[in-house]
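The values are calculated or read from the model by the stated rules, or taken from the named source; none is laboratory data. Quick caveat, the model's predicted, so the values are computed rather than measured. Every residue, glycine among them, receives a Cβ derived from its backbone with ideal geometry; neighbour counts consider all protein chains shown. Note: accessible area is taken over every heavy atom of the protein model, side chains too, but ligands, DNA and RNA are not part of it. Shrake-Rupley method; radii C 1.70, N 1.55, O 1.52, S 1.80 Å.
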Amino acid sequence: MHKNIEMKNYISCLIVVILSLLSSFANAESHKHDFTVQETSVTRLCRTKKIITVNGQFPGPTLTVRNGDTVVVNVVNRARYNVTIHWHGIRQMRTPWADGPEYVTQCPIRPGGSYTYRFTIENQEGTLWWHAHSKWLRATVYGALVILPKQGSNFPFSLPQKDFPVILGEWWNRDIIAVQRQAQFTGAAPNNSDAYTINGQPGDLYRCSTQGTVKYSVNPGESVLLRVINAALNQQLFFSVANHMLTVVGIDATYNKPFTTNVIMVGPGQTTNVILTANQSPGRYYMAARAYATVRNGQFDNTTTTAILEYTNVNSGANSRPLLPQLPAFNDTATATAFANQLRSIPSNNRVPNQIDDNLFFTVGLGLVNCTPGPRCQGPNNTRFAASVNNISFVIPRRTSLLQAYYQNIPGIYTLDFPPVPPVQFDYTGNVSRGLWQPRFGTKLYKLKFGSNVQIVLQDTAIFSTEDHPIHLHGYHFWVVGQGFGNFNPQTDTANFNLIDPPVRNTIDVPVGGWAVIRFVADNPGVWLLHCHIDSHLAWGLGMAFIVENGIGEEQTMEPPPPDLPQC
């Protein structure tokens, strides 16, 4: 009798699970898009020039999908440069071939070639973005990627009446590839950008830019979701809206416990969702962004980009100059830190791992390479800039991609001896011995077993200068369990870790002259890049890559390469 009841209960539960799965599959959609990478003439700052775009748009098209959907994007390269597209923050579960970084997960799409990226959105909601991951083409090749909840599911906050992407970027009057080549040739820092942009427009504080200034129209009393994305090539940015408070509800496609602020700091690669309520006197208000720059005595673009928040049916003063927000000073680390410290995740079934299998300590920062013998270099004291993780300056291969070399067992492309801790311990944020300034060069990877719990201490260094570094991990999001200044001390700092509701990110700004500790579960097999999202730093070698081994069974095994994977 009891067995029959138990069997009926089991069958009933099984039916509920199956119906739930069928409902989930029924609501999921397949989104197909065509991206044509091409040259397009645009006019900014009184000049007309050709830039590389997707579908002739700058920024490129916004992709709007739902959690659980499958995305298929056919990319055709009609430009004169090799190109790849990276879907920044997408977990790419078992589909590392679709991740996109050049020579890491694929060889680039050559001019005249094509490649179709295929991936599924799994348990992610909020704002991400896509961008070129080859040379410095992402200066103009980028767009928003909006992930809505599944059909029948809701946001964990009241549905806003309006929803706008706010993509922050950088603009150079010179051709960006020429800027990159000059920096690589001289060994010096690249030329600063000439402007920052919001949705591709500098705003009317710059020359010849008033007509193109982006305007967001709102009705009095409306709530507006602003999806703020920092697509800038090399710069962290403060962002604010005059006279309006911002309620932060999401970062990097994860929800957080809401809090209200008048300014946010967004590092390159990061996204922040904020809700603004149009509760001020009807009028025109600037939203604005300017640099948060932390390198000692470093040069940077000290300008301000603006867009206009415009109330509808404004009768008086409709053409008056908007009110400008008071943004923090460029070196206001206290404001950046206060913002980061308020971020708390909404706890879910994804528990922060307590038991750590791989405990890694990575020093990150800039160094200098001697320039003799050879041509005179234009870095400090006749040197070339270099960058490194644990004193290894990452060399990206050119014969094949790291993922192909791993999958096909191609020898001679990389080694598996990336150091789990710095080869030499020193006062990382103090006076560093000159003998430690020059890194070693290599393509060294670190292997992780499937399912292992990983902790990484990311420690800034003062070799050239301390600096805030936005570190991005491909294929994963992670818990930020701790941050602080100075040298990380495992005896005292570990006790203050937040293991209850730490923020969840895919890109973490390591504090200037400080450290951040992240944790993740290595549940996604493949080869995954970890790197600074300041592109000049990646070009100098501030990166490394993990190999995550397959687990057991199909659901823990990376898919085989697609037949149209580009060849080197």
Does any residue of the range 309-324 turn out to be touching a Phe, Trp or Tyr at 6+ places or on another chain (Cβ under 9 Å), open to solvent by 40 Å² or more (accessible area, probe 1.4 Å) and of a type in the set (A, V, I, L, M)? yes
Does residue 378 satisfy being open to solvent by less than 10 Å² (accessible area, probe 1.4 Å) and touching a residue at least 12 places away in the same chain (Cβ under 8 Å)? no
Take the residues in the range 333-357 that are outside any loop (DSSP other than H, G, I, E, B) and of a type in the set (Ser, Thr, Tyr); name whichever of them is farthest from residue 470 (Cα to Cα). 345
Residue 191, sole failed condition from (1) over 20 Å from residue 306 (Cβ atoms); (2) in a strand (DSSP E or B): (2)
I'm trying to understand the selection: among the residues of the range 194-206, which are of a type in the set (S, T, N, Q) and open to solvent by less than 10 Å² (accessible area, probe 1.4 Å)? 197
Among the listed residues 143, 152, 169, which satisfies the condition of being in a loop (DSSP other than H, G, I, E, B) and among the small types (Gly, Ala, Ser)? 152
For the range 433-449, what are the residues that are within 24 Å of the chain's Cα centre (by Cα) and in a loop (DSSP other than H, G, I, E, B)? 443
Some residue of the range 402-419 being surrounded by 17 or more Cβ atoms within 10 Å (Cβ to Cβ) and under 22 Å from the mean Cα position of the chain (by Cα): yes
Just checking, does the range 453-470 include any residue being of a type in the set (Gly, Ala, Ser), surrounded by fewer than 23 Cβ atoms within 10 Å (Cβ to Cβ) and closer than 30 Å to residue 384 by Cβ? yes
For the range 152-179, name all the residues that are more than 24 Å from the chain's Cα centre (by Cα) and closer than 17 Å to residue 277 by Cβ. 157, 158, 159, 160, 161, 162
Residue 552 vs. criteria open to solvent by less than 10 Å² (accessible area, probe 1.4 Å), more than 17 Å from the chain's Cα centre (by Cα) and modelled with pLDDT of 95 or more: no
Residues in the range 263-305 that are surrounded by 18 or more Cβ atoms within 10 Å (Cβ to Cβ) and under 30 Å from residue 476 (Cα atoms): how many? 20
Step by step: first the residues of the range 13-54, then only those that are in a strand (DSSP E or B) and at pLDDT below 95, then the one that is most open to solvent (accessible area, probe 1.4 Å). Which residue is that? 30
Would you check if residue 512 is among the aliphatic types (A, V, I, L, M) and under 29 Å from residue 354 (Cβ atoms)? no
Tell me, please, whether a residue that is out of contact with any His (no Cβ under 7 Å at 6 or more places or on another chain), touching a residue at least 12 places away in the same chain (Cβ under 8 Å) and assigned to a strand (DSSP E or B) can be found in the range 205-214. no
If you check residue 44 against the conditions, is it farther than 30 Å from residue 210 by Cβ and over 17 Å from the mean Cα position of the chain (by Cα)? no
Quick check on the range 331-343. Is at least one of its residues open to solvent by 20 Å² or more (accessible area, probe 1.4 Å) and on the phi > 0 side of the Ramachandran plot? no
Could you check, for the range 390-404, whether at least one of its residues is farther than 30 Å from residue 567 by Cβ and either of a type outside the set (Lys, Arg) or without any contact (Cβ under 8 Å) to a residue 12 or more places away in the chain (or both)? yes
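Yes or no, residue by residue, for (1) part of a strand (DSSP E or B); (2) farther than 19 Å from residue 449 by Cα; (3) open to solvent by less than 10 Å² (accessible area, probe 1.4 Å):
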{"residue": "359", "(1), (2), (3)": "yes, no, no"}
{"residue": "367", "(1), (2), (3)": "yes, yes, yes"}
{"residue": "388", "(1), (2), (3)": "yes, yes, no"}
{"residue": "393", "(1), (2), (3)": "yes, yes, yes"}
{"residue": "396", "(1), (2), (3)": "no, yes, no"}
{"residue": "399", "(1), (2), (3)": "no, yes, no"}
{"residue": "422", "(1), (2), (3)": "no, yes, no"}
Hits in the range 250-262 (condition: part of a strand (DSSP E or B) and open to solvent by 20 Å² or more (accessible area, probe 1.4 Å)): 254, 255, 257, 258, 259, 260
Does residue 501 satisfy the criteria of being under 26 Å from residue 103 (Cα atoms) and either acidic (Asp, Glu) or surrounded by fewer than 17 Cβ atoms within 10 Å (Cβ to Cβ) (or both)? no
Kindly list the number of the only condition in (1) over 16 Å from the mean Cα position of the chain (by Cα); (2) farther than 22 Å from residue 388 by Cα that fails for residue 503. (1)
Taking residue 428, is it open to solvent by less than 60 Å² (accessible area, probe 1.4 Å) and in a strand (DSSP E or B)? no
Which condition number does residue 219 fail, the rest of (1) more than 18 Å from the chain's Cα centre (by Cα); (2) more than 18 Å from residue 284 (Cα to Cα); (3) open to solvent by 10 Å² or more (accessible area, probe 1.4 Å) being met? (2)
